[in-house]
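Only the coordinates and a few stated rules stand behind these numbers; no lab work does. Keep in mind that this is a model prediction, so the values were computed, not measured. Here the Cβ positions follow ideal geometry from the backbone for every residue, glycine too, while neighbour counts run over all protein chains shown.
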Amino acid sequence: MAVLRSAAAFLYGRRGFYLALLLLPPLLWLGIIYLGSLFALLVQSFYAIDEFTARIVPVLTLATYRQLFSHPANLDIILRTVAMAVAVTAAAAVIAFPVANYMARYASPRMKAFFYVGVMLPMWTSYLVKVYAWRLVLAKQGIASWFVDLLGLTPALEGALAAPVIGGPSLASSYIGMFIVFTYMWLPFMILPLVAALERVPGSLVQASADLGARPGQTFRHVVLPLALPGLAAGSIFTFSLTLGDYIIPSVVGAPGYFIGMMVYQQQGTAGNLPLAAAFSVVPIILIAVYLALARRMGAFDAL
Amino acid sequence: MTLLGEDVTAVPPFRRNVNTVFQDYALFPHMSVAENVAYGPMVRGAGRDERRRLALEVLELVQLAPLADRAPSQLSGGQKQRVALARALVNRPKVLLLDEPLGALDLRLREEMQIELKAIQQRLGITFVYVTHDQGEALSMADRVAVFRDGRIEQVDTPRGLYVRPRTAFVARFVGSANVVEGELARQLTGSTQAFAIRPEMIEVKPAGEATPAGMLSCAGTLEEVHYHGATSRWHLRVGDAVLTAVRPEGTTATAAPAHGARLVLAFTRESLVPLEDR
């Protein structure tokens, strides 16, 4: 006891030391596991593989990046992935906003709890189960096409599937289907930060806007949307980066074209080209950084 | 509900010709002071230069033009209040609603703003509907005061009328302080059991045994408590079952303050009694 007490007295007089002691484990974790591995990845991407021995040559070189950007197929993969990420992010934002607005502003506490559970419940289920379930739902004779037929919209679906690039033989084997699964999968990550942001917009600002003559649409554009931008930015970082990095959804649902995540998986696994896999994973990091810089310039974080 | 002859009950807020100054100011945090003030003209489609001109004009009126490009978070409470006022005035409403606008300000600032608000109101000639719990504020600022009780109007009158001729016990007690006398004591004094109010400053207090001036009503009482308020003192006197309060100017009675429990005589004119309606 006496030892403990004198230790406590010692620490009490040295606040800085005490704080450092408390922060050391999380800082070590963050520094070694997170930043360290990220740095290792970055370094790997500047190595190259020896064509004959298939061994990694630990000499810094830009050869791997040259390989990455000189193949049109690789550029296609990057473009395809980014296009999907942008589309999924936009769709998630459009779907999430009304839901989040209702939850933050109009729902009774009970209704809000119900919505929270509704939004999060799917996340408690295995990711793989959901993806494979979606493949069945979207299959040619699946529930989705049955339901579309019930609504008498089969010609519209067939028209969409006949479209170049995004179409395909069925929803399950087209980019439209992949887009649906991605949007479903990441929607909660957009809704939750948006609810948090909208809850922080005082109701009196909305009232004041109407009082000053703004129609509901104007209030949304000039008051609610700008103040919810940080939430929208946070949500879109989730949906954007999750889509950029995912390799399971594109390999289970959708057209056969490769995505960045699949390339990383393949290069570090079967192909054994670790530097190329690393170079591929650096692409999303740079894209996210560019996106954040853009969002910041557009004032997404001014209201924080 | 009608506004200047037009039924506005079902008119949505953005089409009413009424603007509001909110209790918490409700300034838009992502806009500068000038942009806040220009919000009304903006949503009505005014051009950029026109908006800026209108905003600066009104900011001039509330003496905030030099701070036009600050963010609301950089302003003090009183300045935010002025911005909220300017933002509501820029639309030239027919009626301006002020919902306890000075509630969050400290006493000195509140008194300054009262004078300023009154001056602005007279200069612009806009009707101000001013909601307040501060009866002093209501009496000093208003041309007409409506006293509400449980959402219903209890009495509408000029401040002076309200103070001098309160119609009910609620109004008498709510506006200023009043002794409400009813029952046996009322019968003893006036000969009728109808309740009446008398303002504390209308009661004269004399030592027991001194003659009551002709035409004045009087009764005997015991001094229970004296509360000193600087310029005046409030004397609480027991008369039978009731306790009446009298306000005495402190300057003249400072040396002659009677001891607690002293037997005194309360005297007042018949005209100072205000008969109250039964509720």
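Taking θ as phi - 60°, what are the ³J(HN,Hα) couplings along the range A:184-197 by the Karplus curve (6.51, -1.76, 1.60), each to the nearest whole Hz, with x for Gly and Pro?
Coupling constants for the range A:184-197: 4, 5, 9, 3, x, 5, 8, 5, 4, x, 5, 4, 4, 5 Hz.
What list do you get for A:Leu24, A:Leu276, A:Leu11, A:Leu192 if you sort them by fewest beta carbons within 10 Å?
A:Leu24, A:Leu11, A:Leu192, A:Leu276
May I ask you to give the average projected area over all directions of the convex hull of the Cα atoms of chain B, in nm² rounded to one decimal?
Spelled out: convex hull of the Cα atoms, projected over all directions, averaged, 19.3 nm².
Evaluate the charge dipole of chain A about its Cα centre and quote only its size in Debye, nearest 20, assuming +1 on the Cβ of each Lys and Arg and -1 on the Cβ of each Asp and Glu.
Charge dipole, chain A, about its Cα centre: 860 debye, nearest 20.
Which residue fluctuates most in the GNM of chain A (Cα springs below 10 Å): A:Ala20, A:Ala139, A:Ala214?
Judging by the Gaussian network model, the answer is A:Ala20.
How fast does the range B:2-143 diffuse by Stokes-Einstein, in µm²/s, taking the Kirkwood radius from C-alpha pairs at 25 °C and 0.890 mPa s?
The calculation lands on 157 µm²/s.
Using a 7 Å offset from the Cα along the Cα-to-Cβ direction at both B:Lys94 and A:Ala90, what is the distance between the two label points in nm, to one decimal?
4.6
Cross-chain or 8 or more residues apart, Cα under 26 Å: how many lysine pairs in the protein assembly as shown fit that? Count them up, please.
Pairs that pass both the separation and distance tests number 5.
Relative to the present Cα-Cα distance, how much length would full extension add between A:Leu11 and A:Val165 at 0.36 nm per residue of separation?
Stretched out fully, the A:Leu11 to A:Val165 stretch lengthens by 48.9 nm.
Based on DSSP loop calls and a cut-off of at most 15 other Cβ atoms within 10 Å, the longest stretch of chain A free of exposed trypsin sites (Lys or Arg not before Pro) is what?
A:201-304
Taking the Cα centre of chain B as origin, work out the dipole magnitude from +1 charges on Lys and Arg Cβ and -1 charges on Asp and Glu Cβ, in debye rounded to 20.
600
Residue by residue through B:33-43, how many Cβ atoms from other chains fall within 10 Å of the Cβ on average?
Taking all residues of B:33-43 together, the mean is 3.
Under a 5 Å amide H to amide H cut-off, with H placed in plane at 1.01 Å, what residues pair with B:Phe128 once short-range neighbours are removed?
When sequence neighbours closer than 5 places are left aside, the close amide H contacts are B:Leu96.
What residue among A:Tyr65, A:Tyr132, A:Pro193 has its Cα farthest toward the positive end of the dipole of chain A, where the charges are +1 on Lys, Arg and -1 on Asp, Glu, each on the Cβ?
The listed residue farthest towards the positive side: A:Pro193.
Which FRET efficiency value, to the nearest 0.05, is calculated for B:Glu201 and B:Arg48 with the Förster distance at 45 angstrom and r the Cβ-Cβ distance?
Here the calculated transfer efficiency is 0.20.
Given the options B:Gly78, B:Gly209, B:Gly103, state which has the largest fluctuation in a GNM of chain B using a 10 Å cut-off (strictly under) for Cα springs.
Highest fluctuation among the options: B:Gly209.
Which one of B:Ala46, B:Pro101, B:Leu56 is farthest out on the positive end of the charge dipole of the range B:2-143, using unit charges on Cβ (Lys, Arg +1; Asp, Glu -1) and the Cα centre as origin?
Selected residue: B:Ala46.
What residue among B:Leu237, B:Val83, B:Ala267 has its Cα farthest toward the positive end of the dipole of chain B, where the charges are +1 on Lys, Arg and -1 on Asp, Glu, each on the Cβ?
Farthest along the dipole direction, towards plus: B:Val83.
With viscosity set to 1.567 mPa s at 4 °C, what whole-number translational diffusion coefficient in µm²/s follows for the protein assembly as shown from Stokes-Einstein and a Kirkwood radius over Cα pairs?
Taking Rh from Cα pairs, D becomes 41 µm²/s.
Springs between alpha-carbon pairs under 10 angstrom, Gaussian network model over chain A: which of A:Ala172, A:Ala107, A:Ala96 fluctuates most?
Per the Cα network of chain A with a 10 Å cutoff, A:Ala107 tops the list.
In debye, nearest 20: dipole of the protein assembly as shown around its Cα centre with unit charges on the Cβ of K, R (+) and D, E (-)?
Approximately 700 debye in magnitude.
Tell me, in nm to one decimal, what length is gained between B:Val8 and B:Arg160 on full extension, where the rule is 0.36 nm per residue of separation less the Cα-Cα distance?
Between B:Val8 and B:Arg160, full extension yields 51.6 nm more.
Give the Rg (one decimal place) followed by the Dmax (whole number) of chain A, computed from C-alpha coordinates and expressed in Å.
24.5, 83
Note down the nm distance, to one decimal, between modelled labels 7 Å out along Cα→Cβ at B:Glu182 and at A:Leu151.
6.8
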